[in-house]
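Asks: I'd like to ask some things about the structure below.
The values are calculated or read from the model by the stated rules, or taken from the named source; none is laboratory data. None of the values given here were measured: they were computed from a predicted structure. Don't worry about glycine lacking a Cβ; one is built from the backbone with ideal geometry, like all the others, and counts go over all protein chains shown.
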């Protein structure tokens, strides 16, 4: 809603978001779920201190990651996953099957924050793609170890490399020495696309050079 606030002649900042009243009652929640594990570690530690159950995810993106998130929500709430969401899952699996001839074996360079890179690399592996370069400028040694474990778990990740603490200038060099088929990341990769000729799939924030691309869903089965 923050990015979709209507223009109706009244200035305000901003529609949507969490209301202060709701924020005050968050201490009474049975559980806190984080969709960005590496960005919310201190928050989760505090939630544990006040007696809440906690769980964290690296973005519920793709099949397995979204499955895990929804099953955790179902477990905590005691409610079944709605059939409509099952339909979304089936459409994603069908789309992946239809696209396998184009995606299988493709090499990718993925950059962004640690949770985004982990989530996208996991989905790329599900499609049979190879996340050749996984780069997070603010990636920690713990993230690097978790990434390497993820990549080692799939035959498509055996030749992948993890780059913690590196920037897009370093990725530019890698794209010349070890080229890939596609890049995945935000709009700042457009300079690498221009210099190396590697097509860029624009995902996550910010996307400022493609009209309305920031409205496309990222998480879940969509």
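Asks: Only one of these is under 30 Å from residue 128 (Cα atoms) and without any contact (Cβ under 8 Å) to a residue 60 or more places away in the chain: 33, 23, 27, 44. Name it. Break it down stepwise before answering.
Replies: Numbers: 23 fails: under 30 Å from residue 128 (Cα atoms); 27 fails: under 30 Å from residue 128 (Cα atoms); 44 fails: under 30 Å from residue 128 (Cα atoms).
Exactly one of 33, 23, 27, 44 is under 30 Å from residue 128 (Cα atoms) and without any contact (Cβ under 8 Å) to a residue 60 or more places away in the chain, namely 33.
Asks: Identify the single condition in (1) modelled with pLDDT of 90 or more; (2) more than 30 Å from residue 173 (Cα to Cα); (3) assigned to a helix (DSSP H, G or I) that residue 125 does not satisfy, given that it satisfies every other one.
Replies: Failing condition for residue 125: (2).
Asks: Please go through the range 146-167 and give me each residue that is farther than 16 Å from residue 130 by Cα and either in contact with a helix residue (DSSP H, G or I) (Cβ under 6 Å, 6 or more places away or on another chain) or not assigned by TED's automatic domain parsing to the domain that holds residue 195 (or both), ordered by number.
Replies: 164
Asks: May I pose another question? Does the range 58-65 include one or more residues that are surrounded by fewer than 16 Cβ atoms within 10 Å (Cβ to Cβ), closer than 23 Å to residue 121 by Cα and not assigned by TED's automatic domain parsing to the domain that holds residue 204?
Replies: Within the range 58-65, one or more residues are surrounded by fewer than 16 Cβ atoms within 10 Å (Cβ to Cβ), closer than 23 Å to residue 121 by Cα and not assigned by TED's automatic domain parsing to the domain that holds residue 204.
Asks: Please give the strands (runs of 3 or more DSSP E) falling wholly within the range 1-113 in which 3 or more residues are at pLDDT 85 or above, under 25 Å from residue 158 (Cβ atoms) and in contact with a helix residue (DSSP H, G or I) (Cβ under 8 Å, 6 or more places away or on another chain).
Replies: 107-111
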